[in-house]
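Below is one structure, written out as structure tokens; the observations come after it.
The values are calculated or read from the model by the stated rules, or taken from the named source; none is laboratory data. Not measured: the values here are computed from a predicted model. In this analysis, Cβ positions are derived from the backbone assuming ideal geometry, glycine residues included, and neighbour counts consider all displayed protein chains. The area values use the complete protein model at the heavy-atom level, side chains included, leaving out ligands, DNA and RNA. Shrake-Rupley method; radii C 1.70, N 1.55, O 1.52, S 1.80 Å.
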Amino acid sequence: MAARHLRTRKFSSPAAIAATAAVGVALAVGGTVGAVRLTSAEPPAEPAVVETLPSTPAATSASPSPSASASPSASLSPSPKATPSPKASRTQAASRSKARTASPSPTAKKTSSPKVVDSGSCGASFYAEGQMTANGETFNPDALTAAHKTLPFNTKVRVTNPANGKSVVVRINDRGPFIDGRCLDLSRAAFATIAATSLGHVNVRYEVLG
């Protein structure tokens, strides 16, 4: 086989040599610039990408923290309901608002004082013995009774001792006394109410009660 021989064109003119040098320089410079551009090329910066993306509310992008979801907001918490007051207190409050009227107090029955139908003064004595009285009763010296000559039986007589102001009301159930100057003969208990029994007899004022 015949060997290949490389043929090299030789430029003999200076202009051709200059042109060839210029082309080489251009090729070298272009390659260097291209290499620089290739090495310096980087992906777009992150801020530029963020600007192109649609903005979303911070509230939706931020996930709620467990503590925030667990505890309800203070404004949403139900306010405590007022407990109704008992009926007794309502009734009491209503009664306080009404005008109070004094409850009528039970009035005691008026007892009219006995009417005095006769009165006078005389001497009075007492007696402590006797089996029967003129109206048929058994004599009781401790009962408030008395003897009179003419008054009807069971008549009430108020006997007062003017010396000390003491008085007693007796019931007539017997007859007597039969001594001048005396109009009443009192039982021992009735006489002891207005005077000492040691006196025997005293002057009294009497009032016959109707």
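So here's what we get for this one:
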read-out	value
Matching option when the condition is open to solvent by 30 Å² or more (accessible area, probe 1.4 Å), farther than 19 Å from Asp142 by Cα, touching a residue at least 12 places away in the same chain (Cβ under 8 Å) and more than 60 Å from the chain's Cα centre (by Cα), among Arg205, Arg175, Arg171	Arg205
Flag if Pro114 is modelled with pLDDT of 95 or more, open to solvent by less than 100 Å² (accessible area, probe 1.4 Å), not aromatic (Phe, Trp, Tyr) and not in a strand (DSSP E or B)	no
Flag for Val202 being under 20 Å from Lys115 (Cα atoms) and not aromatic (Phe, Trp, Tyr)	no
Qualifying positions in the range 119-133 - at pLDDT 95 or above and open to solvent by 50 Å² or more (accessible area, probe 1.4 Å)	Ser119, Ser121, Phe126
